């Protein structure tokens, strides 16, 4: 069974490296776990605390960017079959 995966790096702009070490480690673990990473769906979308309320993303532009990444994950999954 193929496990398609991607992630959003939500590190804020206050993080100059964008948590690159953490995401490099995540990439290694996901490969060891046998997943297929959909590279087009891996994205850095900085999220500020004030963009989220009650656990939901309130900023419409941010929601659109997240939607685009999810669509890329789904598209990459279908195209690779």
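None of the figures in this text is laboratory data; all of them are computed from the coordinates on show. This is a predicted model, so every value here is computed, not measured. Neighbour counts are summed over all protein chains in view; Cβ atoms, including those assigned to glycine, are modelled from backbone coordinates with ideal geometry.
Once the piece of chain linking residue 63 and residue 29 is laid out straight, how much longer is it, given 0.36 nm per residue of separation minus the C-alpha distance between them?
This chain segment gains 9.5 nm when fully extended.
With each label point set 7 Å from Cα along the Cα-Cβ vector, what nm distance links residue 13 and residue 48?
Each label point is offset 7 Å from its Cα along the Cβ direction, giving 0.7 nm.
Output the 0 to 90 degree angle, nearest 10, between the alpha-carbon long axis of helix 20-32 and the longest principal axis computed from the alpha carbons of the chain.
In the chain, helix 20-32 runs at an angle near 30 degrees to the longest axis.
With bins 5 Å wide starting at 0, give me the P(r) of the chain over every alpha carbon pair, in whole percents.
For the chain, the binned pair fractions read 3, 14, 21, 21, 20, 14, 6, 1 percent.
Helix-only mean residue ellipticity at 222 nm, the chain, DSSP H runs n ≥ 4 weighted -39,500 (n - 2.57), per residue, nearest 500. What is it?
Using -39500 (n - 2.57) per qualifying helix, the result is -13500 deg cm²/dmol.
How high is the relative contact order of the chain, in percent, counting Cα pairs under 8 Å that sit 6 or more residues apart?
With pairs under 8 Å counted, the relative contact order is 37 percent.
Quick check: from the Cα gyration tensor, does the stretch 1-45 come out rounded (a/c under 1.5), prolate or oblate?
oblate
Enter the angle in degrees (range 0 to 90, nearest 10) between the Cα long axis of helix 60-79 and the first principal axis of the Cα atoms of the chain, meaning the one along which they spread out most.
Approximately 0 degrees, to the nearest ten.
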